[in-house]
Amino acid sequence: MVSVIPVKEKKLMDVKLGELPSWILMQDFTPKGPFGAFQRSYYRYYKYVKVKKRGIPGVSMVLAAYVVFNYLPCYKGLKHEQIQK
């Protein structure tokens, strides 16, 4: 039996491609909405990593991962430019 879940209550990974525009429009774009999303992701991160002491090391680890993942798509182009010199 299939349960019917309203589009607003679905997670992004559960939304079908046709439902995506209506799902985006139903999200909370007030300052409270993005702040709540950031807070949920923050607590999920610390629950997953099981950090006993919160502080700069955890934040710097996330920042380092962000830098590495944003550098990877540029690596091929940068490598090509370096070979030409």
Starting from the 7 Å offset along Cα-to-Cβ, what nm value, one decimal, do you get for the label separation of VAL7 and LEU25? 0.7
Excluding ligands and nucleic acids, what accessible area in Å² is computed for PHE69 using a 1.4 Å probe, to the nearest 10? 140
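The values are calculated or read from the model by the stated rules, or taken from the named source; none is laboratory data. Treat the numbers as computed from the prediction; the structure is a model and nothing was measured. Positions of Cβ are generated from backbone atoms using ideal geometry, with glycine treated the same way; all protein chains shown enter the neighbour counts. Heads up: the accessible areas ignore ligands, DNA and RNA and are worked out on the full protein's heavy atoms, side chains in. Shrake-Rupley method; radii C 1.70, N 1.55, O 1.52, S 1.80 Å.
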